[in-house]
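Below is one structure; the comments refer to it alone.
Only the coordinates and a few stated rules stand behind these numbers; no lab work does. Quantities reported herein were computed from a predicted structural model and do not represent experimental measurements. FYI the Cβ positions are ideal-geometry reconstructions off the backbone, even for glycines, and counts take in every protein chain you see.
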Amino acid sequence: MLRFVLALPLVLPFVIAAPSMQSTAPAGSATQLTPIPGCCNTFLHEPLLVYDVAGSTIAGPTYAHLVVYDDGHAFIAATTAASDPGRAATSVLSRSEVQALKNALVAQGAYAQCDDTQLMSDVPLTTVTVLNGTTNGVARSFSYQQPNASQAGIELRIRDLIAQHFPGY
């Protein structure tokens, strides 16, 4: 009971603010949520891209996670099994590289992609989540095992980013 009483002041502001987090965007568009009054963006460190690959292959399980933030910070982690301690690395993209990534994601239609329905065996699932890189940004996620024609350019752009900033991953 004491934990509930102590946690209530921490949770209550989120419960009260939740109704104000309504999207003002038309369905399917990647714009922004309504800002919360009095909520300033002190830390300009919002995610722009999240890229996950997870699943089993004939060689065994594989897991990889990449996140790129609007301020240029990027993080990647990968592992192959529970016994594998994995590896991780960080990098910093320049402002122009971040802007080029944003432009490429827009130009390649990343904010309008849908899940690919083609199922394959021994191929991990890739999930791409694109955000606006803003505090009130709306996200778009889509998944595939093998990128279709409209997703291939996005996959290539992300793989190029990994090769450039995280050699060996």
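Note down the Stokes-Einstein diffusion coefficient of the range 48-165 in µm²/s, whole number, using a Kirkwood radius over alpha carbon pairs, 37 °C, and 0.692 mPa s. Estimated diffusion coefficient is 221 µm²/s.
Sorted on the mean count of surrounding Cβ atoms within 10 Å across their residues, most packed first, peptides 117-125, 41-49 read 41-49, 117-125. Taking the Cα centre of the range 48-165 as reference, the dipole from Cβ charges on Lys and Arg (+1) and Asp and Glu (-1) amounts to some 200 debye.
Ordering 53-65, 81-93 by mean Cβ neighbour count within 10 Å, with the highest value first, yields 53-65, 81-93.
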